[in-house]
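Notes follow the structure.
The values are calculated or read from the model by the stated rules, or taken from the named source; none is laboratory data. Just so we're clear, the structure is a prediction, and the values are computed from it rather than from any experiment. All Cβ positions, even for glycine, are placed from backbone atoms using ideal geometry, and neighbour counts span all protein chains on display.
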Ligand SMILES: [Zn+2]
Ligand SMILES: [Zn+2]
């Protein structure tokens, strides 16, 4: 790269602008920021010393993306957003082409210049707002801030006085894309950068300072708390910004030689999972490096929960969250992958999440190390959306929003993963994203019951059509000349055989006409002498009155004897009749194993008891879940809580 060369207005040394786009260069000899103003140079005075950050990069390092021209790091910009510092490295691709490589807490983002679409003024940009950036797509604003231009080294593609406040909005787009709208020091967007997170391996960087030297410089292992002298082990030295001493609770600034930010001397509470514990969970080997207790307060009642910060060099950070004995494994997700999907609904991937609750979450207890500038009393507004076993959460304020995805994790799994002693405390109530033990079962059980019901009805219809088996038929004369109900009127039928265990139906048909016939019957097993009594009555009356003709009763009647054993039988039939009107004879028919409708109905009712019970339990589980939400039903939710807790633990 050959560039424009001039003399430093301060020390007279040669100043080379290697990149055509460079407008500001820090003189290597005297440390003065030299700005290119047309053909002239202006001096902004000496820039501040670089802030020691645990950066892995260095000016002059070069690399090459696959399919992209080789690049050299020619500039370094340090910015401070109020609670921390980050580095922006200028990548020069030869000629006039360049891009930014931003480095913060061990994460790298490649950000290339893109065509600037019509954009809102800085004052009008809001976190959570979606913007159409043209060809890159629709992005959501995740951060709106002013950051101070602290210091620089090498070349920069803008002419801004060190110490100025620079304004920007960060956005998240589809497929992990990131974007920054650069407002410079004004209100109008000046540039758009679009890119994504990259790894140093991808960038093929070489000429970097030795990894071990850097780690030593960044913190090393044998530190002690300046407040209480307790030994501190920093487990993610590249990324840690804050350390809360596990012995005295004091909050230390890991970026400034453990300067004491807040001195405490009380022994902090012991987390259930000790700091430094290692565990294998959800595909990673995690180390617990930090612990927070946070809470929301509703109507004067504080609802606390605990969060464990997990770290693994390869995967970065995750969270393990405990609320009332329920556990979740939480990972950060890109805001650009979350879309609104109707009122109180959010979409992530293929899943639709329902809004559960929102609140102001406050940090109450801090222990261990953190990759951001955490402090007690920090407050963010949070919103939770559920799709069991997942929970989608947003946390943010007016300047920044972050999304995460939690997976409900059974307590026993956590205990096993971290090899914790004793058993986990039993969870209270139903967690917002706790999978229902009835989920999917209700429909399945109903389908099974419906299938079984269909089979039953089919079998019944088949049996009913075949109509049982006629085992005896006889025409029985009514003895004339004896008084009704006289014992001598009784007679025995011919014998018949019941071949299979089952019910027996006895039907009589008598030509009664404005009279009745009653039979006092008994089914007698000739082999065992067992007797089953039954009775039968036919009565049929008709006539006419002012309303016309009428009739009542029937000339046929039947009676059933349940569960008759196979064997040889006779019937004893004692007739009674309306005085003076004995029918001459009646027809008798006996059938075996006759299907009864009531049996079908009972079977169907029995069949649906289980699905109804499961459906009801499922509804009760869901009502317990939602009773803790912002959407608890106003009708019964509140008052029934006590009742819901009774006997609710029947699983
Ligand atoms: Zn100089
Ligand atoms: Zn301490």
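When the residues of region 24-51 are narrowed to those that are farther than 13 Å from residue 153 by Cα and in a loop (DSSP other than H, G, I, E, B), which ends up farthest from ligand 2 (Cβ to nearest atom)? Residue satisfying both the conditions and the ranking: 39. When every residue of region 31-51 is checked against the conditions, at least one turns out to be modelled with pLDDT under 90 and under 45 Å from the mean Cα position of the chain (by Cα).
Taking region 311-353 on its own, how many of its residues are more than 29 Å from residue 291 (Cβ to Cβ), buried (at least 17 other Cβ atoms within 10 Å of the Cβ) and without any contact (Cβ under 8 Å) to a residue 40 or more places away in the chain?
Start the filter on region 311-353 by keeping residues that are more than 29 Å from residue 291 (Cβ to Cβ), which leaves 336, 339-345, 347, 349-352.
When the remaining residues are screened for being buried (at least 17 other Cβ atoms within 10 Å of the Cβ), the result is 336, 347.
Narrowing the set further to residues that are without any contact (Cβ under 8 Å) to a residue 40 or more places away in the chain leaves 347.
Count: 1.
So that you can scan it fast, the table gives a plain yes or no per residue for (1) modelled with pLDDT of 90 or more; (2) within 14 Å of residue 172 (Cβ to Cβ):
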| position | (1), (2) |
| --- | --- |
| 96 | no, no |
| 103 | no, no |
| 109 | yes, yes |
| 114 | yes, no |
| 119 | yes, no |
| 126 | yes, no |
| 134 | yes, no |
| 150 | yes, no |
| 158 | no, no |
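Residues in region 222-238 that are within 9 Å of ligand 2 (Cβ to nearest atom) and touching a strand residue (DSSP E or B) at 6+ places or on another chain (Cβ under 9 Å): 224, 225, 226, 227, 230, 232.
Scanning region 480-525 for residues that are surrounded by fewer than 13 Cβ atoms within 10 Å (Cβ to Cβ) and either touching a strand residue (DSSP E or B) at 6+ places or on another chain (Cβ under 9 Å) or not in a loop (DSSP other than H, G, I, E, B) (or both) yields 487, 488, 492, 494, 495, 497, 499, 500, 501, 513. If you check 64, 20, 60, 3 for being within 44 Å of the chain's Cα centre (by Cα), within 20 Å of residue 93 (Cβ to Cβ) and either away from ligand 2 (no atom under 16 Å from the Cβ) or free of Cβ contacts under 8 Å to residues at least 40 places away in the same chain (or both), only one passes: 64.
Output the number of residues of region 239-266 satisfying the condition of being surrounded by fewer than 14 Cβ atoms within 10 Å (Cβ to Cβ) and within 10 Å of ligand 2 (Cβ to nearest atom).
Initially, region 239-266 is screened for residues surrounded by fewer than 14 Cβ atoms within 10 Å (Cβ to Cβ), giving 256-257, 259, 265-266.
When the remaining residues are screened for being within 10 Å of ligand 2 (Cβ to nearest atom), the result is 265.
Qualifying residue count, region 239-266: 1.
Residue-level check: of (1) surrounded by 17 or more Cβ atoms within 10 Å (Cβ to Cβ); (2) in contact (Cβ under 8 Å) with a residue 60 or more places away in the chain, residue 308 misses just (2). Reported count of residues in region 15-28, each being farther than 30 Å from residue 105 by Cα and either within 10 Å of ligand 1 (Cβ to nearest atom) or modelled with pLDDT of 90 or more (or both), is 1. The single condition among (1) within 16 Å of ligand 1 (Cβ to nearest atom); (2) closer than 23 Å to residue 148 by Cβ that residue 12 does not satisfy is (2). Does residue 73 qualify as being in a loop (DSSP other than H, G, I, E, B), within 50 Å of the chain's Cα centre (by Cα) and surrounded by 18 or more Cβ atoms within 10 Å (Cβ to Cβ)? For residue 73, the condition - in a loop (DSSP other than H, G, I, E, B), within 50 Å of the chain's Cα centre (by Cα) and surrounded by 18 or more Cβ atoms within 10 Å (Cβ to Cβ) - is not met.
Where strands (runs of 3 or more DSSP E) sit wholly within region 533-586, those with at least 2 residues that are surrounded by 13 or more Cβ atoms within 10 Å (Cβ to Cβ) occupy 556-564, 567-577.
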